[in-house]
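Just so it is clear, none of the values below were taken in a lab; they were calculated from the coordinates. If you're wondering where the values come from, they're calculated on a predicted model, not measured in any experiment. Note: ideal-geometry Cβ built from the backbone for every residue, glycine included; neighbour counts use all protein chains shown.
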Amino acid sequence: MANERRRGAHITGWGRYAPTRVLTNDDLSRMVDTSEEWIRQRTGILERRVASSGETTASMSLRAAQAALDVAELDPRKVELIIVATVTPDHAFPATACLVQDALGARSAGAFDLSAGCSGFVYGLSLAAGLIEVGQYDNAVVIGAETLSRITDWTDRNTCVLFGDGAGALVLQANGTRGGVLASVLRADGSGGDLLKLPAGGSVQPATTETVNQRQHYIHMDGREVFRFASRVLPEATRQVVELVGRKVEDIVLFVPHQANGRIIQSAVRALKIPPDRVFTNLARYGNTSSASVPMALAEAIDEGRVRKGDLIVCVAFGAGLTWAATAIEWSVPLPVPKSPRWRIFWRWMLYRLARIQSWWRRLWRQADAWIQRLGEGEDH
Ligand code: COA
């Protein structure tokens, strides 16, 4: 919602991380009954990244968050809120955001995960911006990260050609000046939940040998219906958010849609009449990375210098739920951002090492404390 703003939530840092392993369409055509041409023509995807066995949503989130904090020159110990938008958390609980909080050494931060399908990052950005605007926090790190390769059925050609792994992060900071996240539109239609889901592993169908054998722990999707839904809501949400901030679609300088399918993006861009040079896509290289797609694309666009102070950016996403969301941002940081001096990079490296030691120490102390208490209780009896 647009509101009378006391202060703005400005994007002061951005970062992204993609695993190094590349899986091309040709690779996929050797795994399932598909072809390089089919995938390219129907989706616009050429390749995607796949996490190595040691990588997880938390580890990729951490890399993206560290990069974003570097740009913002924000000390991790001063971070007040960490949100990780994901549908592939490291565990059902604890939240992946808590793992990131610990690894960052963000000892003053609250942390939680947010599940809103591929719209999760835009939901998270809106939430964090709102909390900053009302004065509850002065800063927040919002991350979108996914290890979709772990829930992709690599025998299902309908889905496995679409998805990839990665992470993107933004740092939001309070500032009395105009700009930053201006307004957002967040929507849901749970009646479409069956169109895109992970059937088992929750309270409806806890994991059993049967659910595993029936491949119920993988993404199930009605691609055609999701396509129809997405083609409708992308232009609709974009128009709504632009209207909320009193601007016109023609004012959009950078349009960052969810990177799901090139045809969905083209259809939205055609409907909105946005010139192609104002649309950012990196779908060809990363595929659909769900919650990570918008922040990875936005961070890349910013790194390429695609925005200037005062420019209107619109990010729009859709996904499982069904959910959809759009946010309007007025860019407020001069680009390019000067590189950190070497000593500062070293200082931050030291802080992350220190965070590891502190985490280890807290675990050890917790055990020792419990042991001492048990010993005391034993003496009392
Ligand atoms: N390789 C070759 N053929 C494939 C294929 C693949 N990887 N996947 C599906 N096909 C086949 C289908 O089996 C179907 O064959 P049939 O006509 O004999 O039944 C044919 O291609 C056409 O299927 P259809 O579903 O109409 O294709 P499409 O043009 O709609 O493209 C998607 C399929 C999945 C790419 C497209 O619907 C899509 O992108 N939907 C949105 C998905 C999405 O964004 N999900 C994430 C939301 S966050």
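A few points about this structure:
- Per residue, the average separation of C-alpha pairs within less than 8 Å and at least 6 apart gives the stretch 8-330 a relative contact order of 25 percent.
- Choice from Ile345, Ile132, Ile151 showing the highest fluctuation, given a GNM over the chain with Cα pairs closer than 10 Å: Ile345
- Cα gyration tensor, the chain - rounded (a/c under 1.5), prolate or oblate: oblate
- Counting beta carbons within 10 Å around each of Ser231, Ser61, Ser126 and listing the fewest first gives the order Ser231, Ser126, Ser61.
- Placing R0 at 35 angstrom, the Cβ-Cβ distance between Lys78 and Thr20 gives a FRET efficiency of 0.65 after rounding to 0.05.
- Net charge of neighbours whose Cβ lies under 12 Å from the Cβ of Leu254, counting Lys and Arg as +1 and Asp and Glu as -1: -3
- Share, in percent, of DSSP beta bridges within the chain that are antiparallel, nearest 5: 70 percent
- As a proxy for reagent exposure, His220, His258 were ordered by neighbouring Cβ count within 10 angstrom, fewest first; the result is His220, His258.
- Inter-part distance, the stretch 244-319 to the stretch 349-381, computed on C-alpha centroids, equals 47 Å.
- Arranged from fewest to most other beta-carbon atoms within 10 Å of their beta carbon, Phe229, Phe255 become Phe229, Phe255.
- For the stretch 185-259, the set of trypsin sites (Lys or Arg not before Pro) satisfying both a DSSP loop assignment and a count of at most 11 other C-beta atoms within 10 Å is given as Lys248.
- Summing Lys and Arg as +1 and Asp and Glu as -1 over all other residues whose Cβ lies under 10 Å from the Cβ of Leu196 gives a net charge of -2.
- Arg7 paired with Arg107, simple spin-label distance in nm, labels 7 Å along Cα-to-beta-carbon: 2.4 nm
- Spin-label pair Lys248-Phe93: with each label point 7 Å from Cα along the Cα-Cβ axis, the two points sit 5.1 nm from one another.
- Extending 7 Å from the Cα toward the beta-carbon at both Gln266 and Glu304 defines two label points whose distance is 1.8 nm.
- Cβ-Cβ FRET estimate between Arg344 and Val134, R0 fixed at 30 Å, reported to 0.05: 0.40
- Expected 222 nm ellipticity per residue - DSSP helices of 4 or more, -39500 (n - 2.57), all of the chain, to 500: -12000 deg cm²/dmol
- If the segment from Asp156 to Ala207 were pulled out straight at 0.36 nm per residue, it would be longer than the present Cα-Cα gap by 16.3 nm.
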